[in-house]
Amino acid sequence: MAERRVKVGSSVGLHARPANLFCKAAGQQPAKVTIAAGDRGPVDARSILSVLGLGVNSGEEVVLTSSDDAEGEASLDALAELLATDLDAVPS
């Protein structure tokens, strides 16, 4: 399994709009990705209810995991980069 650790850049954490943007991006990835925060998770990164249930705050570190192949690595890189930005500041 490959993993990425990233601090959430959104000023409100992974709530409502940022979680929705993240889950949509996860659903577009070729590899399945899970997300965990502290002792919460891992949950399917494509599931908005599961991601919201993690209660991730701004600046909190999350762990993304996927299969250890080229698709998994690329998916993790794309999602980690997305999470590091302030998704509330991204125009819709």
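Secondary-structure-derived ellipticity at 222 nm for the chain, considering helices only, amounts to -11000 deg cm²/dmol, per-run term -39500 (n - 2.57) for DSSP H runs with n ≥ 4. Rolling a 1.4 angstrom probe over the range 1-86 with all protein chains present gives an accessible area of which 51% lies on carbon and sulfur atoms.
Extension gain, Glu71 to Thr85, is 2.8 nm, computed as 0.36 nm per intervening residue step minus the present C-alpha separation. In the context of the full set of protein chains, the chain has a per residue accessible area of 51 Å² (1.4 Å probe). Evaluated with a Cβ-only charge set (Lys, Arg +1; Asp, Glu -1), the chain carries a dipole of roughly 320 debye about its Cα centre, given to the nearest 20.
So, counting K/R as plus one and D/E as minus one, what does the shell of residues with Cβ under 12 Å around Val6 add up to? That sum, taken over residues with Cβ under 12 Å, equals -2. Using the Cβ-Cβ distance between Lys24 and Ser58 with R0 set to 22 Å, the FRET efficiency works out to roughly 0.65. Looking at the range 2-92, the GluC sites (Glu not before Pro) that sit in a DSSP loop and have at most 16 other Cβ atoms within 10 Å of their own Cβ are Glu60.
The values are calculated or read from the model by the stated rules, or taken from the named source; none is laboratory data. Because the structure is a prediction, the values reported are computed rather than measured. As a convention, Cβ positions derive from the backbone with ideal geometry for all residues, glycine included, and neighbour counts pool all protein chains shown. SASA here: full protein model, heavy atoms, side chains in, ligands and nucleic acids out. Shrake-Rupley method; radii C 1.70, N 1.55, O 1.52, S 1.80 Å.
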